[in-house]
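**Student:** My structure is below; once you've seen it, I'll send some questions.
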Amino acid sequence: MSLATSTIAQLRQRLTAGEITPRDIVQDIAKAIESRNGELGAYLSFDTETALKEADAADKSLPLGGIPIGIKDNMNVTGQPCTCASKILAENYTAPYDAGAIQKLRQGGALPFGRLNMDEFAMGSSTENSALGITRNPCDASRVPGGSSGGSAAAVAGDIAIAALGSDTGGSIRQPAALCGCVGLKPTYGRVSRFGLVAFASSLDQIGPITKTVEDAALLLNHLCGKDGRDSTSLDVEVPDFTAGIGKDIKGLRVGLPKEYFIDGTHAGVSAAVDAAIKKLESLGAIIEQISLPHTELGVATYYVLAPAEASANLARFDGVRYGHRSSSATDLMEHYLKSRSEGFGPEVKRRILLGTYMLSSGYYDAYYLRAQKARTLIRNDFTEAFSKVDVIISPTSPAPAHKLGELKDNPLAAYLEDVFTIPVNLAGLPGISVPCGDVEVDGVKLPVGLQIIGKPLDEVTVLRAAHAYEQAR
Amino acid sequence: MPAADIDIQKVAKLSRLSLTTEEAAHYEKQLNGVLAYIDTLTAHDLGDVEPTAHAMPVFDVLRVDEERPGFTQEQCLSNAPKRAGDQFQIPKVIE
């Protein structure tokens, strides 16, 4: 069987036993990509030659020694493209440095291998906003993989990657993991350096692992975190061993069910799968408690002020001067900016830049941005209050299973509402995981459902413990 | 709260984006829809609430003021769409 179907934990064991080499793994993944990426469209590019060189030089004594990890195409890896699935970076950008998270990965012995598709600049929940190609859900090729880290989730679930990195601004790791049937973890804001991650909304963005198992998510997270002086929001806190809770029971764990997250409008099959998961957690000894997060209804509106506002400022750097697309037909400086940006950015990115610019423009700041920051306080306080009573909070990751390609095209608001359960977690900066919790049959095809487990700030260990106990019992 | 009637061409210019008439009409309609939804924020009294800029607040992050390695000139120029020697080349700015 191809090594591409393996988990990190399995490969580590076989590498240590001397049964396989890092070269074998890279070769098997390259073969798997060649046979299945045409259908899935998960990878935008991959450089087998470099990966084989790095595999031969890998230090197998390191915890992730010789393990290839797929990278979402918005993180800089020296010598590789970093397109953000945008035409503005696709033609002529080669990363001149490693992102902070990539440096950590390398210190753990892992090899970054392959560039994974995404919604352009991570703006979207279906990967349909990629300017560079369609990614399909491995469970049903007529459906989206979710997004924005859709390439990462499709590659892992489709067994053409061992594990991958994604980034999560409003659900972009957890939601595609849920829709493809794999595990996705967004760490606490500040855990992982954002240096070298192309910025979307800086107060929300966070890098995290997308993996086949909860244990793999913990193993990978162990080599992503830590203070980085080049990201002033990265936290100077102790990095625990995230595998510490793996295999421990959850007797007496207090699990909160927010009543605002169990609402009409959630797909019946999703509700049924999550209800079954709640019963399973209870049977494992968890104490289930009803809680309230009363400002949940403000989440999506708050997010769609803060994220576009921050994006409009961040994406001002794409000016065609230092890197990225430059229009060949401009005659003066203003035209140079207008044409370079208009030719380079796709429709969703333009939509959000326009929205953000409007909300930050003179006279509107207090009405939108300041107001949203205040609403953010209320949402964060809701969680603080809830976590005085419970250890973790659970919900569906997404209100619906994967939709058909093109189904929500040109209805941005409907697409934005898909993130209703994941967005508040980013606004509050909390860690959250999506773990597979069964499936729902739609049109004769079984589509995966994800269970979201949210933890206290910096308490990824408990989140992973609960997720692992559930995953093993399911 | 302002009326959610966006002057799309003005915003486009501030955004350094040029839109065709059709694009402008299309975006104007969509953005007004999104802004109408965002107006749900006005239903809540947020007057005295402290704003949150970052969920995990860290303040006054300082580093020691000492020499440290940075990007080389070649690294910085390596992706320049157009360069002249060791400089980025851009269209004429001053007449």
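The values are calculated or read from the model by the stated rules, or taken from the named source; none is laboratory data. Just so you know, these numbers come straight off a predicted model, no measurement behind them. FYI the Cβ positions are ideal-geometry reconstructions off the backbone, even for glycines, and counts take in every protein chain you see. With ligands, DNA and RNA removed, areas are computed over all heavy atoms of the protein, side chains included. Shrake-Rupley method; radii C 1.70, N 1.55, O 1.52, S 1.80 Å.
**Student:** Report the extension gain between A:S142 and A:A276 in nm, rounded to one decimal, defined as 0.36 nm multiplied by the number of residues separating them, less their alpha carbon distance.
**Tutor:** Additional length available on full extension: 45.5 nm.
**Student:** Got a sec to turn the phi values of segment A:188-205 into Karplus ³J(HN,Hα) couplings, 6.51 cos²θ - 1.76 cosθ + 1.60 with θ = phi - 60°, whole Hz, x for Gly and Pro?
**Tutor:** So the Karplus estimates, Gly and Pro as x, are 3, 4, x, 5, 10, 4, 9, 4, x, 8, 5, 6, 10, 10, 4, 7, 10, 4 Hz.
**Student:** With +1 assigned to the C-beta of every Lys and Arg and -1 to the C-beta of every Asp and Glu, and no other charges, what is the dipole magnitude of segment B:1-45 about the Cα centre in debye, to the nearest 20?
**Tutor:** Here segment B:1-45 has a charge dipole of around 220 debye.
**Student:** Then there's this: Once you put a point 7 Å from the Cα of A:E297 and another 7 Å from the Cα of A:S2, both along the Cβ direction, what distance in nm separates them?
**Tutor:** So the label points at A:E297 and A:S2 sit 4.9 nm apart.
**Student:** For the residue pair A:K389 and B:H54, what label-to-label distance in nm results when each label sits 7 Å from Cα along the Cα-to-beta-carbon direction?
**Tutor:** 3.1
**Student:** If amide hydrogens are placed 1.01 Å from N in the peptide plane, which non-local residues have theirs closer than 5 Å to the one on A:K72?
**Tutor:** For A:K72, the qualifying residues are A:L116, A:L165.
**Student:** For a test of the definition: using alpha carbon positions, the gyration tensor, and the 1.5 limit on a/c, classify segment A:313-455 as rounded, prolate or oblate.
**Tutor:** Numbers: a/c = 2.77, a/b = 1.52, b/c = 1.82.
The shape class here is oblate.
**Student:** Provide A:F421, A:F262, A:F195 ordered by accessible surface of protein heavy atoms (probe 1.4 Å), highest first. Numbers along the way, then the final one.
**Tutor:** Details: A:F421 0, A:F262 75, A:F195 45 Å².
In descending accessible area the options line up as A:F262, A:F195, A:F421.
**Student:** Okay, next question. How big is the accessible area of B:D65 in square angstrom, nearest 10, if you roll a 1.4 angstrom probe over the protein chains?
**Tutor:** B:D65 has an accessible surface of roughly 150 Å² with all protein chains in place.
**Student:** Can you give me the long-range amide H partners of A:L111? Hydrogens built in the peptide plane at 1.01 Å from N, cutoff under 5 Å, separation of 5 or more residues or another chain.
**Tutor:** Hits under the 5 Å cutoff: A:G66, A:I67, A:I69.
**Student:** Given R₀ = 22 Å, FRET efficiency for A:A244-A:L284 by Cβ-Cβ distance, to 0.05?
**Tutor:** Plugging the Cβ-Cβ distance into 1/(1 + (r/R0)^6) gives 0.75.
**Student:** For segment A:408-420, what does the Karplus curve 6.51 cos²θ - 1.76 cosθ + 1.60, with θ = phi - 60°, yield as ³J(HN,Hα) per residue in whole Hz, taken in order and with x for Gly and Pro?
**Tutor:** With coefficients 6.51, -1.76 and 1.60, one gets 9, 4, 6, 10, x, 5, 4, 5, 5, 6, 4, 9, 4 Hz.
**Student:** Something else now. Please report, in whole Å³, the volume per residue of the convex hull around the C-alpha atoms of segment A:1-152.
**Tutor:** Dividing the Cα hull volume of segment A:1-152 by its residue count gives 107 Å³.
**Student:** Restricting to Cα pairs below 8 Å that are 6+ residues apart, what does the relative contact order work out to for chain B? Please round to a whole percent.
**Tutor:** 18
**Student:** Let me ask something additional. Show me, for segment A:104-113, the HN-Hα J-couplings you get by feeding each phi into the Karplus relation (A = 6.51, B = -1.76, C = 1.60, θ = phi - 60°), rounded to Hz, glycine and proline as x.
**Tutor:** Each residue's phi maps through the Karplus curve to give 4, 4, 5, 4, x, x, 6, 10, x, 9 Hz.
**Student:** Something else: Quick one: angle between helix B:21-38 and the longest Cα principal axis of chain B, in degrees between 0 and 90, rounded to 10, please.
**Tutor:** 70
**Student:** Just tell me the longest site-free run in chain A, where the sites are GluC sites (Glu not before Pro) in a DSSP loop having at most 15 other beta-carbon atoms within 10 Å. Working shown, then result.
**Tutor:** Working: sites that count: A:E19, A:E91, A:E238, A:E407.
With a cap of 15 other Cβ atoms within 10 Å, the longest stretch comes to A:239-406.
**Student:** For segment A:133-225, restrict the atom set to alpha-carbon positions and state the Rg and Dmax in Å.
**Tutor:** According to the Cα coordinates of segment A:133-225, Rg and Dmax are 12.4, 37 Å.
**Student:** Something else: Residue farthest toward the positive end of the dipole of chain A, with Cβ of Lys/Arg at +1 and Asp/Glu at -1: which of A:I287, A:S6, A:Y470?
**Tutor:** A:I287
**Student:** Taking the Cα centre of chain A as origin, sum charge times position over the Cβ atoms of Lys and Arg (+1) and Asp and Glu (-1), and report the length of that vector in debye to the nearest 20.
**Tutor:** Dipole magnitude for chain A comes out near 400 debye.
**Student:** Using only Cα atoms, locate the centre of segment A:385-447 and the centre of segment B:1-80, then give the distance between them in Å, rounded to an integer.
**Tutor:** Spelled out, the Cα-based centre of one part sits 25 Å from the other.
**Student:** List the residues whose amide H sits under 5 Å from the amide H of A:L447, counting only those 5 or more places along or on another chain, with H placed 1.01 Å from N in the peptide plane.
**Tutor:** Counting only residues 5 or more places away or on other chains, the set is A:V440, A:E441, A:V442.
**Student:** Can you tell me the alpha carbon radius of gyration of the protein assembly as shown divided by the globular rule-of-thumb value 2.2 N^0.38 Å?
**Tutor:** 0.93
**Student:** Sticking with the crude label model, points 7 Å out along Cα→Cβ, report the distance from B:K82 to B:R63 in nm, one decimal please.
**Tutor:** 3.4
**Student:** Take the eigenvalues of the Cα gyration tensor for segment B:1-45, scale each by 5, and report the square roots as semi-axes in whole Å, largest first. Before the final figure, lay out the partial values.
**Tutor:** Details: eigenvalues 113, 24, 10 Å².
For segment B:1-45, the ellipsoid semi-axes come out as 24, 11, 7 Å.
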